[in-house]
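Notes for the one structure printed next.
The values are calculated or read from the model by the stated rules, or taken from the named source; none is laboratory data. Please read these numbers as outputs of a predicted model, since none were measured by experiment. Quick reminder, even Gly has a Cβ in these numbers, built from the backbone with ideal geometry, and neighbours come from all protein chains shown.
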Amino acid sequence: MSNLSNKEKSYAIVGFGNFGQALARVFARKNIEVTVASRREVEVLAPIARKIGPSIIAKKLQEAIQADIIFLAARFEGFEQIAKLLPNWEGKIIVDVTNAYGVPPEKIGEQPSSSAVAKAFTGARLVKGFNHLASAVFGGDPAVNGGKRAVFLASDDQHAAAEIAEIAVKLGFAPIQLGGLAEGGLLVNARGNTWGPLIFQDLVKFS
């Protein structure tokens with residue numbers, strides 16, 4: 001089963017700190033248009049976006065969340081506030097790029113952090129991914145010594161995961177599917193003061 005072509009989808013990055021900017025550089029390298037937004041004013045974000053590349057467009061947060069595919073790159077602690085911006089996120093894919101390191105497990109009901117995010121974004125299809133590397137590494141060229149840098153994806157929705165895998169390929173990465181959020185997702189989720197075993201593992205896949 002295939003979704004509409006990714007050429008017809010609109011993308012947004014919500015959260016424009018170090019990692020959000022690194023992700024924007026990845027899109028800019030392939031000249032793929034993406035909206036960027038945060039709680040900061042557009043006038044603050046726009047010069048940073050222009051410096052990254054002409055395909056990076058700063059908009060207000062309420063405008064950015066109208067995109068079809070949203071990369072949630074804000075601080076984990078703010079995901080619930082962002083989720084409340086729409087009563088229903090049906091039809092959208094949320095790519096959870098957050099890391100919950102240092103957040104007590106009991107604060108999110110002892111569940112994987114990505115499961116908590118999935119519940120908050122009512123109606124959305126959630127994919128965990130693009131979160132396992134430091135921003136300086138992730139924002140670099142994904143082509144490494146003739147191979148492609150790996151990105152890990154986990155989701156309870158196989159079709160959403162496949163769609164994000166297609167985007168990862170367009171961006172120059174080698175996507176590796178980990179399975180569902182409660183299994184493979186744990187490999188890239190932080191829990192309390194412990195990182196998931198695949199966090200910071202900079203792997204390269206060769207054809």
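Answer yes or no as to whether Gln66 is under 23 Å from Thr122 (Cβ atoms), at pLDDT 95 or above, in a loop (DSSP other than H, G, I, E, B) and not acidic (Asp, Glu). Spelling it out, Gln66 is indeed under 23 Å from Thr122 (Cβ atoms), at pLDDT 95 or above, in a loop (DSSP other than H, G, I, E, B) and not acidic (Asp, Glu). Assess whether Thr98 counts as being under 18 Å from the mean Cα position of the chain (by Cα), within 23 Å of Ala161 (Cα to Cα) and in a loop (DSSP other than H, G, I, E, B). Taking the combined requirement at face value, the residue satisfies it. Only residues that are more than 21 Å from Ser135 (Cβ to Cβ) and either among the aliphatic types (A, V, I, L, M) or part of a strand (DSSP E or B) (or both) were counted in region 148-168, giving 5. Tell me which residues, restricted to region 121-146, are of a type in the set (A, V, I, L, M, F, W, C) and either in a strand (DSSP E or B) or in contact with a strand residue (DSSP E or B) (Cβ under 9 Å, 6 or more places away or on another chain) (or both). Across region 121-146, the qualifying residues are Phe121, Ala124, Leu126, Val127, Phe130, Leu133, Val137, Phe138, Ala143, Val144.
Candidates Ile48, Ile82, Ile13: the one that is more than 16 Å from the chain's Cα centre (by Cα) and surrounded by 12 or more Cβ atoms within 10 Å (Cβ to Cβ) is Ile48.
Only one of these is part of a helix (DSSP H, G or I) and surrounded by 23 or more Cβ atoms within 10 Å (Cβ to Cβ): Val36, Val117. Name it. That would be Val117, the only listed residue that is part of a helix (DSSP H, G or I) and surrounded by 23 or more Cβ atoms within 10 Å (Cβ to Cβ).
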